[in-house]
Amino acid sequence: MNYFSAFEISASGMAFERLRLDVTAMNLANANSVRDAQGNLYQPVRVVGKAGRSFGNYLQQAVVPHIVAAAQAPRLVHEPNHPLADAQGFIAMPNVNPVDEMLNLVTAVRGYEANVRAMNAARTMALRALEIGAR
Amino acid sequence: MSIEVIAATGAVAGKALSAAGALPSRPAPEASFETWLVQQFSATNAKLVEADQGVRRLALGEADNLHQVMIALEEAKLQFELVVQVRNRLVEAYQDILRMRI
């Protein structure tokens, strides 16, 4: 049925917003992490959505998520007592901006909600269509 | 109702009758209503099984995401509703014929 393609579009939107939420949660969880044994520091990541290339593609996957690293200089925190502090007493931490992450959380939840609304609208339409001619 | 309208009705009825008379000579259509109905039944069953498996996976904690399961449930519901409505119309038509005066 045609209505199922509307469901697919909304489902890809929902999956995209879910991924954004997951990524934001990961950024927040790693906000205060330090370099690991190999000296790698956690890089804050972002989800970038690309629209499906053709219309036929829209029906399969309306939005194609990509996870990109937000290249940012590490945040230097002055903590001289920390075992990993450098000569000046600074330690590097991932440059996670809590305000940005909170904004991401809110927009992800609202975006998910909007996709659910769109799906419910398609469902209501289908159910109304099935009421045609009912006694 | 004016006479012209009645006459026009007669003309239409005549046409319908002649069309009905020509019916047996026409070859049976490739896809009959029956095959369509059977297809819809199997599609509905497939959707129901899919939804059931989705719920099962969710209960086992294997489902990737909640919305896919809910969408599968909705799709199964819609497909089932379509078949139910077609069945309702069929039964209505049957009862209409049954009530027909001979």
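Rule-based calculations on the coordinates, nothing more; no lab input. Please read all numbers here as calculations on a predicted model, not as lab measurements. Here Cβ is always computed from backbone atoms with ideal geometry, including for glycine, and neighbour counts include all displayed protein chains.
Laid out as a table, the results:
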| read-out | value |
| --- | --- |
| Rounded to the nearest 20 debye, dipole of chain A from Cβ charges on Lys, Arg, Asp, Glu | 620 |
| Theoretical FRET efficiency, 1/(1+(r/R0)^6), r = Cβ-Cβ of A:MET125 and A:ALA73, R0 35 Å, to 0.05 | 0.10 |
| Modelled label reach - A:ARG135, point 7 Å along Cα→Cβ, segment B:76-102 residues with backbone N closer than 16 Å | B:85-101 |
| Fewest-first ranking of B:ILE71, B:ILE102, A:ILE91, using other Cβ atoms within 10 Å as the exposure measure | B:ILE102, A:ILE91, B:ILE71 |
| Averaged over B:64-77, number of beta-carbon atoms from partner chains that fall within 10 Å | 4 |
| Rounded tilt (10° steps) of A:3-29 against the dominant C-alpha axis of chain A | 10 |
| Number of partner chain Cβ atoms within 10 Å, mean per residue of A:114-120 | 1 |
| A:ALA87-A:ARG46 pseudo-label distance in nm [points 7 Å out on the Cα-to-Cβ vector] | 3.5 |
| Degrees separating the helix A:98-130 axis from the principal Cα axis of chain A, which is the longest one | 10 |
